[in-house]
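*Asks:* After the structure tokens below, expect a handful of questions from me.
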Amino acid sequence: MRLPQQILLEVCPRCETGYPLEIVYGFASAEMFDSALAGHIALGGCTFDDDSPAYRCRRADCETEWGRWGDFPD
Ligand SMILES: [Zn+2]
């Protein structure tokens with residue numbers, strides 16, 4: 001996962017809502033499911049590549065996804 005400070009700088013390109021959900025890929029642990037249910041992260045599923053989006057807007061009526069997962073070293 002990335003540092004919270006990086007997420008705080010991200011703004012939705014469509015509705016300009018800040019503090020997006022970080023999309024987490026791979027097998028979801030019970031802890032990750034809890035975080036997703038609590039609205040802290042978004043689960044992106046098990047298949048992804050460098051072009052998969054890194055963030056999802058937290059507004060339920062927007063859900064725009066942006067960024068590139070491959071731009072991050074982790
Ligand atoms: Zn948005």
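Please treat every number below as a calculation from the coordinates, not as lab data. A quick note: this is a predicted structure, and the numbers were derived from the prediction, not measured. Methodologically, a virtual Cβ is constructed for each residue, glycine included, from the backbone with ideal geometry; neighbour enumeration extends over all protein chains shown.
*Asks:* Just checking, which of E63, E10 is crowded, with 16+ Cβ neighbours inside 10 Å and within 16 Å of the ligand (Cβ to nearest atom)?
*Replies:* None of the others qualify; the one that does is E10.
*Asks:* Which one is farthest from the chain's Cα centre (by Cα), of the residues in region 19-51 that are more than 16 Å from the ligand (Cβ to nearest atom) and in a strand (DSSP E or B)?
*Replies:* Of all residues in region 19-51, those more than 16 Å from the ligand (Cβ to nearest atom) come to 24-38, 40-41, 43-51.
Remaining after also requiring in a strand (DSSP E or B): 24-25, 41, 43-45.
Values: V24: 6, Y25: 9, I41: 6, L43: 8, G44: 8, G45: 12 Å.
Ranking the candidates gives G45 first.
*Asks:* OK, next. State yes or no: is E16 in a loop (DSSP other than H, G, I, E, B) and within 16 Å of the ligand (Cβ to nearest atom)?
*Replies:* yes
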